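Let me give you the structure first, and then I'll get to my questions.
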Amino acid sequence: MSGAAFLVEALPREFGNAVLWLPMVHGVELIRDGFFGSRIEAHYDVAYMVGFNTMLTIMALALERAVSRDFVPE
C-alpha cells in the first residue's frame, strides 16, 4: 500500500484518506514534497508518522523483552 502514496491526490477522497492511515505513506509523501517542491500538493503529517512508529517500536521492544525471558538459545 505504501507504493500508492504518489496517488493520494489522484485517489477518491475517501480512499485517499484511508491510505493516509498508513505511516509509510506519510514518509513517501514527505520525500515527494522535498523532491518536487511546490509543483505538487503533498499530504503528510510528520508528527503522526513519528508517533505511530515510536508506538510500534515500544510495542516491539516490550514483546521482545517478554519473549526473551522464556526463550533459551541452544
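For the stretch 20-38, give me the residue count where each residue is surrounded by fewer than 18 Cβ atoms within 10 Å (Cβ to Cβ) and at pLDDT below 85.
3
Is there a residue being surrounded by 13 or more Cβ atoms within 10 Å (Cβ to Cβ), touching a Gly at 6+ places or on another chain (Cβ under 6 Å) and modelled with pLDDT under 85 anywhere in the stretch 1-11?
Yes: one or more hits.
The values are calculated or read from the model by the stated rules, or taken from the named source; none is laboratory data. The model shown is predicted, which means the values in this text are computed figures rather than measured ones. With ideal geometry, Cβ positions are generated from the backbone for all residues, glycine too; neighbour counts draw on all protein chains shown.
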